[in-house]
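Here is the structure we will look at.
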Amino acid sequence: MVGEGGSLRASRRRRSVRWRFTQLYAGLFLASGAVMLAVVALFAGGSMDAVPGPGSAVPDASGAAQARIASLEHQLAQAHSRQTEQLLLGSAVGLLVMGVLSLLLGWYAAGRVLRPLRAMTAATRRISADNLHERLAVDGPHDELHDLGDTIDELLARLEGSFAAQRRFVADASHELRTPLATMRTAVDVTLAKPGPLPDQTRVLAGRVHAELDQIDRLLDGLLTLARAQHDLPEPEAVPLDELAAAALTARGLRVEEVLDPAPGTLVRGNRTLLRRLVENLVDNAVVHNEPGGWVRVSLRTTGSAVELVVENGGTVLAQEQVAELTRPFRRAGPDRTASTGTGPGRGLGQGLGLGLAIVAAVAEVHGGRLDLCAREDGGLRVVVTLLRAVEGAEAA
């Protein structure tokens, strides 16, 4: 009921301008018709006053002639009165009929006037951050609507340039920072490889620097993945999501509650590299943000034309408002309770740095899917990624 009420309210909002145009058109028509009817009644009343009455007979006429003239004048007055009444009644009926027709004509005219606006609205809704290169390209005469379309196209061009500049900056900065990081890592390795004993303090400090460099390297990889995920899909293909989930769990060496459906329905269309990163980050997030002796559950199911990957884990109780912020870059729900130094294979790119779920959200969005986060009542997090199924030959048939 709530959804129906919302759709009805949205429908009223969509039609309000057209209804206002229709009412304005019909109101002006009825007002002008009423003025015309009043003018007709005024002139008809004046012409009735001009008809001579029964007392205006010729004085020197005989009695029979006067009676005949009076009778004729009376008949003429009655005929004129009936003619005037019929004229006014016909005008009123015509005004009523034309009032109804004015509503229909006003509705049609308003629809024709607002048709370019509806086309512009539909085109604007189709344009998102992934296809800012599209334009409204309003054709027709150079009127106010054409100027509005050109203004929106200019705004889209500025937005496209801004998004492209942001992505280029992230990618370029990540690439440029790799050179000094490689130099620093080489210097640390050379220091540790020098012959002869090294002071314990120097060895500990070098180990810490090496670990921090690895963490910065993972951060750059995460930023690159996030920037790449915000572009159009490169080389989309049919990807078995169940195989990616099984591979991610096997690589971690975890004992996980698995509910993986190997049916062909788990194929999704997209980029294999980005989808693998999505699954790995979900599994890593469930492992890292957990508690000692906790649990992880991974399930995969098909629902109509979509595939749902559900990853749940135990942990402390989180507020839903706090969970809603986790898809923003560099946002974390709390300290990593089971996080290590970040050098092991179980650490995904961006994991522990506040980029894991941000990358998942970006990859899901570029694949036409969505990411839903829900705090579990008994603690932990429930993550659901919904992706569109790939329609293969047998399924399409």
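Rule-based calculations on the coordinates, nothing more; no lab input. Predicted, not measured: the structure shown is a model, and the values here were computed from it. Cβ: placed from backbone, ideal geometry, glycine included. Neighbour counts: every protein chain shown.
Tabulated data for the structure shown
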quantity: Fewest-first sequence of His289, His175, His367, His146 by Cβ atoms within 10 Å of each Cβ; calculated: His175, His146, His367, His289
quantity: Residue order, fewest to most beta carbons within 10 Å, for Trp107, Trp19; calculated: Trp19, Trp107
quantity: Estimated vicinal HN-Hα couplings, Hz - the stretch 271-282 in sequence order (Karplus 6.51, -1.76, 1.60; Gly, Pro = x); calculated: 8, 4, 5, 5, 5, 5, 5, 4, 5, 4, 5, 5
quantity: Ordering of 269-277, 303-311 by burial proxy (mean other Cβ atoms within 10 Å per residue, highest first); calculated: 269-277, 303-311
quantity: FRET efficiency, Ser71 to Asp139 (Cβ-Cβ, R0 51 Å, nearest 0.05); calculated: 0.10
quantity: Exposure proxy ranking, count of Cβ atoms within 10 Å, fewest first, for Val317, Val279; calculated: Val317, Val279
quantity: Of every Cα-Cα pair in the stretch 112-222, the percent that sits beyond 16 Å; calculated: 71 percent
quantity: Counted charge near Thr151, where neighbours are those whose Cβ lies closer than 14 Å (Asp, Glu -1; Lys, Arg +1); calculated: -4
quantity: Under 5 Å, built H, 5+ apart or other chain: amide partners of Val296; calculated: Glu257
